[in-house]
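What follows is calculated from the coordinates using simple rules that are stated; it is not laboratory data. Just so it is clear, the model here is predicted, and its values are computed rather than measured. Note that each Cβ is placed from the backbone with ideal geometry, even for glycine, and that neighbours are counted across all protein chains shown.
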Amino acid sequence: MNIVELMKQIQRIKSNLEELQEEMKNREFLGEAGAGLVRVVINGALDVISVEISEEAMEDRKALEVLVRVAFQDALNKFKESGESIFKGLFPFKFGGLS
């Protein structure tokens with residue numbers, strides 16, 4: 001691959017990355033805990049869209065605190081997994097330890 005082709009490839013990747021970043025901002029990620037007792041929705045900009053807590057979950061404050069944390073972590077994990085899969089598909093070649 002010559003330098004001109006490489007520069008064109010880099011420009012296409014940059015353009016694709018910008019489009020994907022915008023797309024990610026508009027996606028929503030649902031996190032759940034306690035079999036749905038607590039549900040959290042975040043978007044790709046990591047803004048909190050909603051938090052739902054069932055009546056049953058409110059009976060035990062300490063347990064609720066754990067469920068809220070777990071639900072948020074679940075949503076963040078889904079966000080990260082989505083971003084990683086998009087990132088891997090973006091690059092047609094490998095960098096060092098990245099695949």
Compute the angle between helix 3-26 and the longest alpha-carbon principal axis of the chain, please, reported from 0 to 90 degrees and rounded to the nearest 10. 20
Please find the FRET efficiency linking SER82 to LYS14, where r is the Cβ-Cβ separation and R0 is fixed at 25 Å, and quote it to the nearest 0.05. 0.80
Could you give the length gained by full extension between ARG61 and GLU22, i.e. 0.36 nm per residue of separation minus their alpha carbon distance, to one decimal place? 10.3 nm
For the range 27-90, take the alpha-carbon Rg, divide it by the Kirkwood Rh, and send me Rg/Rh. 1.07
May I ask which of LYS8/LYS80; LYS14/LYS88; LYS14/LYS78 have a Cα-Cα span longer than 18 Å here? LYS8/LYS80; LYS14/LYS78
Sorted by chain and then number, the residues having a modelled amide H within less than 5 Å of the amide H of GLU28, at least 5 places away or on another chain, are none
How far, in degrees from 0 to 90, does helix 61-90 lean away from the longest principal axis of the Cα atoms of the chain, to the nearest 10? 10
Footprinting exposure proxy for ILE42, ILE10 (fewest neighbouring C-beta atoms within 10 Å first): ILE10, ILE42
